[in-house]
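Right, one structure below, let's go through it.
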Amino acid sequence: MSLNDVVDARLCLPGLAGSSKKRILQNLAQAVTEIHPDLDADDLFQHLVAREKLGSTGIGEGVAIPHCRIPGSEKVIAALCTTETPADFGAIDRRPVDIVFLLAVPEGEDQAHLNLLAEIAERLQSEEVRAKLRAAHTSEQLLSALQPQSQAA
Amino acid sequence: MKIIILGAGQVGGSLAESLASERNDIVLIDSNDRILRELRDRIDIGVVQGHASHPDVLQQAGIEDADILVAVTNDDETNMAACQVAHSLFRVPTKIARVRAAAYLNYPELFDLKAVPIDVLISPEQLVSDYVSRLIEHPGALQVLDFADGLVQLVAVKAYYGGPLVGQELRYLREHMPRVDTRVAAIYRRNRPIIPEGSTIIEADDEVFFIAARADIRAVMSELRRLEQGYKRIIIAGGGNIGLRLARRLENRYSVKIIEYGHERCIYLAEELNRAIVLHGSASDQDLLLEENIEDTDVFLALTNDDEANIMSSLLAKRLGARKVMALINNSAYVDLVQGGDIDIAISPQQVTLGTLLTHVRQGDMVNVHSLRRGAAEAIEVIAHGDPRNSRVVGRKIEDIDLPEGASIGAIVRETDKGSSVLIAHDDIVVQSGDHVIVFLVDKRQTRYVEQLFQVGFTFF
């Protein structure tokens with residue numbers, strides 16, 4: 001399972017509305033459940049909030065990777081967005097966040113999910129990737145900005 | 001975090017004050033414009049004037065972005081309605097409300113996400129009666145706080161001449177009581193904190209905070225002061241909700257008399273209580289107190305809803321010979337005034353409520369936050385999560401945990417196959433995921449650092 005397998009262009013959302021952590025997570029959860037109607041938006045939202053309470057997933061440089069396990073779910077779900085307004089995520093460098101990558105995984109297969117998380121974090125660590133993401137205006141641009149350099153058009 | 005507080009009364013005001021200093025975005029809503037302006041002049045918060053449960057008022061306060069709603073207006077119905085609005089219209093993740101009326105509290109099924117969506121229900125009367133009954137359980141304690149459902153307690157006592165440990169180094173405690181494990185978390189000498197070490201010598205009049213398993217509290221207290229005899233005879237002044245609750249709880253183990261002024265209320269109390277004796281009259285009636293042998297009373301509890309009456313009747317009871325007097329005092333200015341004088345213990349419902357509120361607005365998996373010494377110090381119970389890769393606590397020895405100056409781990413409660421076990425903190429104990437860690441902070445300003453210390457790293461799922 002690699003990053004490219006889990007990112008869905010329909011869940012690449014440039015300029016997502018919301019100026020707070022709460023609203024961004026809420027809007028993202030809503031968007032996810034429109035594509036995956038078997039999930040409940042409130043449920044996903046609560047799981048994300050519960051994980052954030054234990055420690056912020058804001059990893060610095062304006063990037064946050066909120067993630068959670070969803071009991072009973074069977075698929076790995078990813079969503080990527082940039083936000084209209086940067087929001088306080090309680091990130092380690094205290095910088096407001098404007099790039100958010102959501103990852104919701106089923107229970108079990110811990111190592112595979114950790115690897116996935118590491119891959120996401122690594123990609124978003126690149127200054128160039130972040131600049132491209134921030135400049136993206138369409139889902140396609142957002143998706144392609146995420147690709148490693150060799151594959152990017 | 002964005003926190004909206006409804007009601008700028010004593011609890012709402014002090015909560016806002018306590019949180020505003022912790023890098024939070026606080027908005028206070030109240031219908032009284034004057035109180036709001038006063039608070040805003042003093043602390044860095046946003047204010048909105050209006051009816052606290054109305055959606056448009058909440059929206060003005062930015063409810064869509066709020067992580068937490070704390071509804072502590074003086075009106076139960078407003079608090080409940082506000083939580084419903086916050087849930088149904090704005091999906092606020094955490095909703096905390098104060099509800100006083102037993103008429104509601106008697107139906108716990110009412111407070112459910114599918115009914116009245118309140119995540120944390122706070123009943124000050126319940127909290128105060130728990131607080132008082134713990135004090136009665138440990139005669140001589142100034143303060144008794146529960147952790148891990150009462151398995152571990154933090155107790156504050158005043159050291160007296162005659163206590164075996166007084167004048168000795170702390171390390172002597174271990175030699176003297178090899179089978180009892182305890183940890184002295186802090187010592188206050190002339191109101192200044194001392195971080196205890198093995199070589200610290202306890203002096204008479206020191207206020208000592210120690211942590212021990214509940215079963216060992218009595219043994220530790222006997223080291224610090226001549227052990228007081230258990231209480232037997234209790235007089236409660238005021239048969240309101242708190243008085244009735246306590247009388248009910250105490251009547252089977254103690255001889256309880258309850259004095260109530262209202263005749264009809266007396267009849268109700270007599271019906272509700274089995275063994276306690278209900279007396280119709282005034283608690284400040286000297287003849288009544290003498291007739292009821294006040295001089296042989298171990299504890300006199302003044303629990304009416306009138307501060308002045310509570311202060312006067314407990315002073316009178318003390319003068320007439322009651323061994324210990326405790327008074328319920330709402331006005332926090334009075335609490336400071338009377339504490340430590342003739343009144344042995346002043347009980348502030350606001351302080352007790354504040355601790356419970358703080359538990360739920362703090363980052364991390366907090367189980368208990370107790371505000372101590374008028375908010376200057378704190379004792380917290382937090383669950384450690386994660387593994388050595390993503391936690392700065394799990395997998396480490398206590399001595400290797402990077403606690404700030406003035407913070408110390410007092411005990412750990414660990415779930416095992418055989419149930420919960422209490423581990424009093426020693427340098428070589430290694431923290432495991434799921435441990436309840438009890439931390440004492442001499443300076444509340446360190447709380448934020450401790451919160452962060454217990455946060456899991458990014459790779460935690």
(message) Suppose we keep just the alpha-carbon trace of the range B:234-343; what are its Rg and Dmax in angstrom?
(response) 12.9, 37
(request) Evaluate peptide A:54-63: per residue, the Cβ atoms of other protein chains within 10 Å of its Cβ; return the mean as an integer. (result) 4
(request) Can you pull out the buried accessible area for chains B and A, both sides counted, probe 1.4 Å, rounded to the nearest 100 Å²? (result) 2300 Å²
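Pop out the carbon and sulfur fraction of the accessible area of chain B as a percent, whole number, probe 1.4 Å.
Working: 9130 of 19950 Å².
Ligands and nucleic acids excluded, carbon and sulfur give 46 percent.
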(message) Using alpha carbons only, how many angstrom separate the centre of the range B:372-393 from the centre of the range B:238-252?
(response) 35 Å
(message) Classify the range A:1-149 from the C-alpha gyration tensor, please: rounded if a/c falls under 1.5, else prolate or oblate depending on whether a/b exceeds b/c.
(response) rounded
(request) Scan around B:ARG183 for amide H atoms under 5 Å from its own, H built in the peptide plane at 1.01 Å from N, and keep only partners 5 or more places away or cross-chain. (result) B:ILE211
(message) Give me the dipole magnitude in Debye, nearest 20, for chain B about the Cα centre, with unit charges on the beta carbon: positive for Lys and Arg, negative for Asp and Glu.
(response) 640 debye
(message) With the cut-off at 1.5 for a/c, could you classify the range B:376-427 from its C-alpha gyration tensor as rounded, prolate or oblate?
(response) oblate
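In peptide B:355-363, how many Cβ atoms from other protein chains are near each Cβ within 10 Å, on average?
Mean shielding count: 1.
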(message) What's the magnitude of the charge dipole for the range B:2-122 around its Cα centre, counting Lys and Arg as +1 and Asp and Glu as -1 at the beta-carbon? Answer in Debye, nearest 20.
(response) 80 debye
(request) May I ask you to derive the relative contact order of the range B:332-423, considering only C-alpha pairs under 8 Å and at least 6 residues apart, and to give it as an integer percent? (result) 12 percent
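Let a ≥ b ≥ c be the square roots of the eigenvalues of the Cα gyration tensor of chain B; is it rounded (a/c under 1.5), or, if not, prolate (a/b larger than b/c) or oblate? Before the final figure, lay out the partial values.
Details: a/c = 1.75, a/b = 1.04, b/c = 1.68.
Since a/c reaches 1.5 but b/c is at least a/b, the shape of chain B is classed as oblate.
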(message) If you take each beta carbon of peptide A:77-90 and count the beta carbons of other chains within 10 angstrom, what is the mean?
(response) 1
(message) Can you give me the accessible area per residue for the protein assembly as shown, using a 1.4 Å probe, in Å²?
(response) 43 Å²
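For B:LYS397 and B:LYS418 in the same chain, what is the full-extension length gain: residue separation times 0.36 nm, less their Cα-Cα distance, in nm? Don't skip to the answer; put the middle values down first.
Details: separation 21, 0.36 × 21 = 7.56 nm, distance 2.31 nm.
So the chain would gain 5.3 nm between B:LYS397 and B:LYS418.
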(message) Can you list the residues in the range B:62-91 whose accessible area drops by at least 20 Å² when all protein chains are present, compared with the chain alone? Use a 1.4 Å probe, heavy atoms only.
(response) B:GLU64, B:ASP65, B:ASP67, B:ARG91
(message) Between the range B:132-157 and the range A:16-79, how far is it from one alpha carbon centroid to the other, in angstrom?
(response) 41 Å
(request) List the residues of the range B:412-461 whose accessible area drops by at least 30 Å² when all protein chains are present, compared with their chain alone, using a 1.4 Å probe and counting only protein heavy atoms. (result) B:GLN455, B:VAL456, B:PHE458, B:THR459, B:PHE460, B:PHE461
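The values are calculated or read from the model by the stated rules, or taken from the named source; none is laboratory data. From a predicted model like this one, the values you see are computed outputs, not experimental measurements. Cβ atoms come from the backbone with ideal geometry, glycine included; neighbour counts cover every protein chain shown. Accessible surface is based on the protein model in full, side chains and every heavy atom, while ligands, DNA and RNA are left aside. Shrake-Rupley method; radii C 1.70, N 1.55, O 1.52, S 1.80 Å.
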